[in-house]
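Take a look at the structure below.
The values are calculated or read from the model by the stated rules, or taken from the named source; none is laboratory data. If you're wondering where the values come from, they're calculated on a predicted model, not measured in any experiment. Here the Cβ positions follow ideal geometry from the backbone for every residue, glycine too, while neighbour counts run over all protein chains shown.
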Amino acid sequence: MAFPAGFLWGGATSAEQIEGAYDVDGKGLSTADMMTLAENGAPREITDAIDSDKFYPTHDAIKHYEHYAEDIALFAELGFKVYRFSMAWTRVFPNGDDAKPNQKGLDFYDKIVDLCLSYGIEPLVTIQHFDTPMGLEKYGFWQGREVVDLFVRYAEVLLRHFDGRVRYWLTFNEINNMSTMPWNAGGISLDASENDKMQAAYHQFLASAKVVKLAHELNAENKVGMMYNGHFSYPNSPDPADVQGTEDFQKLMMFYADIQVRGKYPNYKLKEFERKHIVLPEHPGDKEVLAAGTVDFVSFSYYLTHVTGQKTQGILKGLNGLETGYTNPYLKKSDWGWGINPQGLRFALNTLYYRYEKPVMIVENGLGAYDEKDANGQIHDDYRIDYLKQHLLEVEKAIELDGVDVMGYTAWGPIDLIAASSGSIDKRYGFIYVDVDNHGNGTYQREKKDSFAWYQRVIATNGRSL
Ligand code: BG6
């Protein structure tokens with residue numbers, strides 16, 4: 001039996017992609033709340049203020065703020081052992097730097113956490129997932145050193161408040177998105193210089209390390225992970241120059257994980273900074289901070305793989321659909337053009353586990369697809385079942401054949417949610433359908449797709465039914 005007893009099966013969401021209620025009960029505006037829907041071929045726009053003529057998908061999202069009890073009951077029915085979700089900094093500290101936390105924000109997360117626990121579901125909390133408070137703009141968002149301690153203070157409130165109830169934490173969702181989607185990652189402009197992005201990333205590394213140390217001091221049971229946006233790449237050809245180009249590409253992403261696992265910048269990154277005249281905003285004592293805050297486990301999202309080589313282009317643009325200038329002719333593509341590569345997940349698990357020798361967890365994986373109802377109003381999403389099944393079979397091989405220590409698997413978007421890249425909901429990931437369209441029209445009713453019963457059985461049999 002490949003999947004070990006206690007394997008953490010579940011699903012993953014983020015606050016801004018499901019909650020809605022963006023200005024309710026004292027919540028402040030976050031960077032996510034300023035992003036419009038991508039429409040008519042144009043990407044999401046980031047506005048300076050809320051423009052009443054534009055549509056902002058996070059403002060209502062799927063109204064989880066109202067439907068949370070029903071949603072978590074459905075997750076329990078699926079048999080979740082773990083539920084990964086994020087807490088919104090702007091519910092707890094509406095501006096990020098308020099004197100006191102907002103009790104109503106904590107009350108909301110009390111309800112989520114307690115409900116999960118009442119169903120025997122382990123909460124796994126992401127402390128920041130793409131939603132830096134707009135109130136931190138005056139510091140330059142994550143470019144400002146002040147934000148490090150403001151984040152640590154926010155995290156400390158969570159760690160103390162949920163002590164003994166939440167044991168699994170992730171500091172930043174996909175920290176390596178600072179290179180690809182800096183606005184989502186930390187309020188940094190899309191055309192920011194490399195120097196500015198590296199400065200903001202430096203502050204996130206420091207903040208994360210401080211939180212890891214604090215979490216361990218507060219409760220030895222706390223386990224804190226890093227979360228890597230799974231960029232893994234194959235060389236375009238065996239030409240040594242293509243292999244070297246791929247290695248160079250991989251380092252642009254992997255250095256984030258190297259720092260959070262090993263507690264220091266790798267020499268290859270320091271050499272690159274020297275060449276590019278990038279200077280880190282280092283203060284005395286920072287090296288010790290990084291060294292003292294290494295993570296307990298490595299988590300990652302996995303949707304696709306890249307092909308790279310000596311002429312890799314555009315590597316620093318886009319969320320997951322990175323334009324590298326190469327394509328993989330062996331893979332079928334999703335409705336959104338993402339190459340479907342189950343075997344790549346085994347490759348990813350091996351790469352991370354044998355690079356770091358820390359437990360690994362897949363905290364996002366899934367198929368964003370158009371779902372159509374049949375004449376009876378049912379959704380037969382056999383394509384989603386097939387996608388998930390093929391990926392999970394590769395997880396099984398990584399455990400069984402390769403000996404990788406895999407802690408768990410949380411499917412992305414167990415309930416349909418707002419896509420991060422486009423803001424649309426018609427890129428559906430869920431086992432649970434939400435009756436709403438891209439512009440917020442609909443009943444918001446929850447309905448089970450065929451994949452619901454399928455995943456329920458996978459969990460109930462600990463993967464034996466795959
Ligand atoms: C991950 C993010 O990169 O990709 C999620 O952590 C996001 O927030 C997911 O939703 C899938 O991307 P998209 O654009 O399909 O939502």
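Would a scan of region 240-248 turn up a residue that is of a type in the set (Ser, Thr, Tyr), in contact (Cβ under 8 Å) with a residue 24 or more places away in the chain and part of a helix (DSSP H, G or I)?
Checked against the condition, which is being of a type in the set (Ser, Thr, Tyr), in contact (Cβ under 8 Å) with a residue 24 or more places away in the chain and part of a helix (DSSP H, G or I), region 240-248 yields at least one hit.
Every test in (1) part of a helix (DSSP H, G or I); (2) out of contact with any strand residue (DSSP E or B) (no Cβ under 6 Å at 6 or more places or on another chain) is passed by residue 155 save one, and that test is (2). All conditions but one from (1) within 16 Å of the ligand (Cβ to nearest atom); (2) part of a loop (DSSP other than H, G, I, E, B); (3) more than 30 Å from residue 451 (Cα to Cα) apply to residue 33; the one that does not is (2).
Would you mention how many residues in region 417-457 are farther than 12 Å from residue 57 by Cβ and in a loop (DSSP other than H, G, I, E, B)?
Looking only at region 417-457, we keep the residues that are farther than 12 Å from residue 57 by Cβ, and these are 428-435, 441-457.
Retained after the next criterion (residues that are in a loop (DSSP other than H, G, I, E, B)): 429-431, 435, 441-445, 449.
So the answer is 10.
Hey, does region 221-238 have a residue that's away from the ligand (no atom under 16 Å from the Cβ), assigned to a helix (DSSP H, G or I) and buried (at least 18 other Cβ atoms within 10 Å of the Cβ)? No, region 221-238 has no match at all.
Among the residues of this structure, residue 11 does not count as one that is within 14 Å of residue 415 (Cβ to Cβ) and either of a type in the set (Asp, Glu) or assigned to a loop (DSSP other than H, G, I, E, B) (or both).
Any residue at all in region 158-179 that's away from the ligand (no atom under 16 Å from the Cβ), part of a helix (DSSP H, G or I) and closer than 29 Å to residue 357 by Cβ? Yes, region 158-179 contains at least one residue that is away from the ligand (no atom under 16 Å from the Cβ), part of a helix (DSSP H, G or I) and closer than 29 Å to residue 357 by Cβ.
The single condition among (1) more than 16 Å from the ligand (Cβ to nearest atom); (2) modelled with pLDDT under 95 that residue 323 does not meet is (1). A single entry from 408, 366 fulfils the requirement of being at pLDDT 95 or above and either in a loop (DSSP other than H, G, I, E, B) or acidic (Asp, Glu) (or both): 366. Note on region 44-133: enclosed helices (runs of 4 or more DSSP H) holding 2 or more residues that are in contact with a strand residue (DSSP E or B) (Cβ under 9 Å, 6 or more places away or on another chain) and more than 16 Å from the ligand (Cβ to nearest atom) are 64-78, 103-118. Just one of the listed residues (218, 304) is among the hydrophobic types (A, V, I, L, M, F, W, C) and either touching a Leu at 6+ places or on another chain (Cβ under 6 Å) or surrounded by fewer than 17 Cβ atoms within 10 Å (Cβ to Cβ) (or both), and it is 218. So the check is Cβ under 6 Å with 6+ separation or different chains; which pairs have a first residue in region 412-429 that's within 9 Å of the ligand (Cβ to nearest atom) and a second one that's modelled with pLDDT under 95 and among the basic types (Lys, Arg)? Once the first residue is within 9 Å of the ligand (Cβ to nearest atom) and sits in region 412-429, its partners that are modelled with pLDDT under 95 and among the basic types (Lys, Arg) give 423/44.
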